[in-house]
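Shown next, in structure tokens, is the structure this report addresses.
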Amino acid sequence: MYGNSGCILKVDLSTGEITKELYDESVARMFLGGNGLAAKLMHDSVPFTADPLGPENAIVFSVGPLTDTPLWGTSRGHVASISPLTGIFADSNYGGQFGTAQKRAGFDAIVITGISSNPVYLSITEAGGQLHDASHL
């Protein structure tokens, strides 16, 4: 898909379920870039009446087709959620190595929902994601 892997990692902290979901080229073309994909995923997965601090909200980390290319400034990623301050869609972009690492793992987006009953952390590799106990931290 010319810069997109076509794969989304979905993590439900309430159940511990982690799944990979594929999407087609038409989605990549219609919702261009990490910001467009994040907005679509938020629209599709978060109810309009969701409590920003509740389990129905999501946080989406996404990258665009140019992330991890040799072009200057392309190590960018996007994060989106429903803001606790305003109760509406909020997003931002960030630099550093996270977007590049996410892209190299093969995921255009990581969608995290739910609330864990105990502290956990998420590790992500090319094989997928895995939740680990973080109570000791």
(request) State whether the range 79-137 is rounded, prolate or oblate according to the following rule on the C-alpha gyration tensor (a ≥ b ≥ c being the square roots of its eigenvalues): a/c under 1.5 gives rounded; otherwise a/b larger than b/c gives prolate, and the remaining case gives oblate. (result) oblate
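Count charges around Gly6 for me, please; just the other residues with Cβ under 9 Å from its Cβ, Lys/Arg as +1, Asp/Glu as -1. Walk me through the numbers on the way to the answer.
On the way: positive: none; negative: Asp24, Glu25, Asp108.
Computed value for this residue: -3.
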(message) Taking R0 as 35 Å, what FRET efficiency do you get between Leu53 and Cys7 from their Cβ-Cβ distance, rounded to the nearest 0.05?
(response) 0.75
(message) Once each part is reduced to its C-alpha centroid, what is the distance from the range 1-34 to the range 82-137 in angstrom?
(response) 13
(request) Between Pro52, Pro70, Pro84, find the one with the highest GNM mean-square fluctuation for the chain; connect C-alpha pairs within less than 10 Å. (result) Pro70
(request) Starting with the highest mean, order 90-100, 58-68, 3-13 by the number of other Cβ atoms within 10 Å, averaged over the residues of each peptide. (result) 58-68, 3-13, 90-100
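Per DSSP helix of 4 or more residues, -39500 (n - 2.57); summed, then divided by the residues of the chain. What does that give at 222 nm, rounded to the nearest 500?
-5500 deg cm²/dmol
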(request) Compute the FRET efficiency between Glu126 and Thr19 as 1/(1 + (r/R0)^6), taking r as their Cβ-Cβ distance and R0 = 22 Å, and round to the nearest 0.05. (result) 0.90
(request) Would you mind computing, in nm to one decimal, how far apart the modelled labels at Leu32 and Leu66 are, each placed 7 Å from Cα along Cα→Cβ? (result) 1.0
(request) Treating the Cα atoms of the range 27-123 as identical point scatterers in vacuum, please give the log10 of the normalised Debye intensity I(q)/I(0) at q = 0.16, 0.20 Å⁻¹, two decimals. (result) -0.68, -0.98
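Quick note: the coordinates plus some simple rules give every number you see, no bench work behind them. Because the structure is a prediction, the values reported are computed rather than measured. Cβ sites come from the backbone with ideal geometry, for glycine too, and all protein chains shown count toward neighbours.
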